[in-house]
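Note sheet for the following structure.
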Amino acid sequence: MIDEVNRPRKLKVAVDGQTVAPGPATGLGSFTRNALKALEIVAPGELDLRVETPPGGAGFTRTHQRVLWEQIGLRSRMRGADVLFSPSLGIPWNTSRPVVATIHDLYLVKNAARLAPVSRWYWTDYIPATIRRASRVICGSKAVAEEIAALLGIERDLIKVIPYGMDFEGLKVAAGAIPAGLKLTSGAYVLFVGSLERRKNAANLVRAFAALKEDQSAVKLVLAGQDAGEAGSLKELAVTEGIGDRVVFTGYLDRSELVALMRDAACLALVSFEEGFGLPLIEAMALDTPVVTSNCSSMPETVGGAGLTADPHNPAAIAEALSRVLLDDELRERLVSLGREHIQSYTLQKMGSALAAVLREAAGR
């Protein structure tokens, strides 16, 4: 009979659930859901997870709403918790409880000059000041860990790199059908996934696509993501480059449609100037889709030799990598095989074990 008196008490973990509120799927929301699922898999009897969501369950669209939630609403919900896990954004300023914060990247901290005044304050003052109060900080790559230490002045020993895991079987099951209105042929398009904003570098991807040889003229470029200020200029660029009829803008897609697009693509191209991790790269590998990505920031670390890399500032280099994947069947098969092996480093089990260890460490368990 199990001695209930001597059974270790579960670690009570409060989780900031602001990114899992109903609404369009986001990268932050996907990370949070995967993290929760991972913890439930590896430590069901050790952790008491309590996801705290804003009143009404709605996400935030305004900076001041986030700040009020993090400093008042969330702080009031932490009573009784041993540790707070924040999967994104800021953390309570004054709390006696240990906090594990997450920094996915520092792009907005470094480029805040382009933002509106309130957002600029949020990223240059508020986020750094609150994150410095965390007991531990987690991120998805060594590249980001080094930046956190250098730019925020956090001790490197307090920054933990955790693999961003995912449910690979669930990903495959999630695939639905490609919207018929897109008029796409399986294996005859290059796919970009992400918001249409400057750092995603879709402009150089369009230029690279225009530079492909004439025998690849049947291939299309699909830009799958919401407009974040760049869609208009990208459409103009495609027309200027003479490929306006070959570049498809999908706008927002639901998860099943996006996964289907990724599954049937000739390759995924993510040539951002900067990424904190690049989750679509691992998702594509899990769906047996080869990847082309940037040779900088976290991306070489994420693909680990299982994808082709190119200088994101050089459209000709991107075009060469795309041509190799599109024309060389043997290379494609090798990349698919390497991808299947590489994604085993990004299972939910590995993510959950690493995250649970950090939560216990922060709580002194």
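Bear in mind that the values in this text are calculations on the coordinates, not laboratory data. The model shown is predicted, which means the values in this text are computed figures rather than measured ones. As a convention, Cβ positions derive from the backbone with ideal geometry for all residues, glycine included, and neighbour counts pool all protein chains shown.
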Exercise for the section: Find how much the distance from residue 79 to residue 120 grows on full extension, using 0.36 nm per residue of separation minus their present alpha carbon separation; answer in nm with one decimal. Expected result: 11.7 nm
Practice task
Could you run the Debye sum over the Cα atoms of segment 168-345, one equal point scatterer each and no solvent, and tell me log10 of I(q)/I(0) at q = 0.12, 0.15 Å⁻¹, two decimals?
Solution key: -0.48, -0.78
Problem - All-pairs alpha carbon distance profile, segment 284-330, 10 Å steps from 0, percent - result: 27, 56, 17
Handout entry: segment 132-184: Rg to Rh, with Rh as the Kirkwood radius over Cα pairs
Key = 1.32
Practice task
For the chain, just the Cα atoms, rotate onto the principal axes and tell me the three extents in Å, largest first.
Solution key: 72, 55, 38
Completion exercise
The exposure ranking of 173, 20, 291, fewest beta-carbon neighbours within 10 Å first, is 173, 20, 291
Fill in the blank from the handout: Low-density loop trypsin sites (Lys or Arg not before Pro), segment 184-216, at most 11 other Cβ within 10 Å, DSSP non-H/G/I/E/B, are 213
Practice task
Starting from one equal scatterer on each C-alpha and no solvent at all, send me the Debye-based log10 I(q)/I(0) for segment 248-319 at q = 0.12, 0.15, 0.17, 0.28 Å⁻¹, two decimals.
Solution key: -0.31, -0.49, -0.62, -1.27
Exercise for the section: Pop out the ³J(HN,Hα) list for segment 156-163 in order, Karplus 6.51 cos²θ - 1.76 cosθ + 1.60 with θ = phi - 60°, rounded to Hz; leave Gly and Pro as x. Expected result: 4, 5, 8, 9, 10, 8, 10, x
